[in-house]
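The values are calculated or read from the model by the stated rules, or taken from the named source; none is laboratory data. Model, not experiment: these values are computed from the prediction. Don't worry about glycine lacking a Cβ; one is built from the backbone with ideal geometry, like all the others, and counts go over all protein chains shown. Keep in mind that these areas ignore ligands, DNA and RNA; they rest on the heavy atoms of the full protein, side chains included. Shrake-Rupley method; radii C 1.70, N 1.55, O 1.52, S 1.80 Å.
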Amino acid sequence: MKKILCYGDSNTFGFIPENCKRYDKDSRWSGILSEILKENYQVIEEGMNNRTGFFKNPEGLKQSGGEYLSVFLQNHRNLDICIISLGTNDAQFFYNLDENSTKNGLQNLIDSVREVNIKTKIIIVPPVKITENILHSGFSMMFNHESIDKINKVFPIFEQIARENNCLYFDFNQITSPAQKDGLHYTKESHTIIANKLAEFILAI
């Protein structure tokens with residue numbers, strides 16, 4: 001049975017925008033993906049709230065996605081596919097997200113996977129294109145107008161780095177949008193859409 005790692009932030013974890021709880025396994029995209037592909041794949045869910053991809057996170061190692069990935073992979077060396085869905089939290093106003101930090105951060109994540117297993121296929125998922133609704137939510141303590149601009153500015157780099165490193169690229173923004181509630185997290189319906197489209201993508205590889 002082939003193995004898929006879903007390595008991401010709160011939208012991989014399954015954060016519910018209405019009540020700040022977690023969608024159950026049958027409702028979050030990585031859990032639904034596991035059910036769809038269960039005959040041929042084992043899906044490993046590794047989402048974490050507030051996980052950054054490119055900067056050291058003061059909350060700790062597990063929230064520092066760029067550092068923690070290489071640690072996590074020591075016990076998961078035989079992955080067939082690694083889905084990396086990070087970058088949104090790096091746009092918080094605490095961090096200086098720019099073109100260089102995005103390029104270097106993505107390259108570090110890709111290198112971490114390939115240092116463990118060169119044969120692992122990597123799927124890069126770019127950040128959520130957060131909306132201005134986030135400015136009227138509890139996440140306004142972390143994101144501002146500049147955060148929206150940061151994501152838009154560095155967004156093309158994700159596909160560029162994926163292409164330069166012979167990685168696959170899958171943009172959730174092409175098939176759904178974040179909830180109006182907070183402009184950041186996906187609704188239950190969006191998780192279902194993501195899982196089904198991603199399953200089609202994986203089976204076509």
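Before moving on, here are some points about what is shown:
- Taking amide hydrogens as placed 1.01 Å from N in the peptide plane, the amide H of Ile44 sits under 5 Å from those of Ile4, Leu5, Cys6, each at least 5 positions away in sequence or on another chain.
- Full-stretch length increase - Glu200, His145 - with 0.36 nm per residue and alpha-carbon distance subtracted: 16.3 nm
- Sorting 116-126, 82-92 by average packing, meaning the other beta carbons within 10 Å per residue, from highest down gives 82-92, 116-126.
- In this rough spin-label picture, where each label sits 7 Å from Cα along the Cβ direction, the Lys62-His136 distance is 3.4 nm.
- Of Thr102, Ile84, Leu73, farthest towards positive along the dipole that unit charges on Lys, Arg, Asp, Glu beta carbons give region 59-115: Leu73
- Cut-off of 10 Å, at most 16 other beta carbons, DSSP loop: longest stretch of the chain lacking such GluC sites (Glu not before Pro): 60-205
- Relative contact order of the chain, defined on C-alpha pairs under 8 angstrom at six or more residues apart (%): 24
- Within-10-Å neighbourhood charge of Asn57 [Cβ basis; K, R +1; D, E -1]: 0
- 28 Å tail of the calculated P(r), the chain, as % of Cα pairs: 19
- The calculated FRET efficiency for Gln74 paired with Asn152, based on their beta-carbon distance and R0 = 41 Å, is about 0.70.
- Taking 37 °C and 0.692 mPa s as conditions, region 41-159 diffuses translationally at an estimated 221 µm²/s according to Stokes-Einstein applied to its Kirkwood radius (Cα pairs).
- Residues in region 192-202 carry Karplus couplings, in order, of 5, 4, 4, 4, 5, 5, 5, 4, 4, 4, 5 Hz; the curve used is 6.51 cos²θ - 1.76 cosθ + 1.60 with θ = phi - 60°, and Gly or Pro positions show x.
- Solvent-accessible area per residue in region 59-173 equals 46 Å², computed with a 1.4 angstrom probe and all protein chains kept.
- Stretch gain in nm, segment Met1-Ile193, where the contour uses 0.36 nm per residue and the Cα spacing is subtracted: 66.7 nm
- Spacing of the two label points (7 Å from each Cα toward its C-beta) at Arg114 and Ile175, in nm: 2.6
- Taking each residue as 0.36 nm, the span from Asn166 to Cys20 lengthens on full extension beyond its C-alpha to C-alpha distance by 48.9 nm.
- Carbon and sulfur %, accessible surface of region 81-179 computed with the full protein complex present, 1.4 Å: 46
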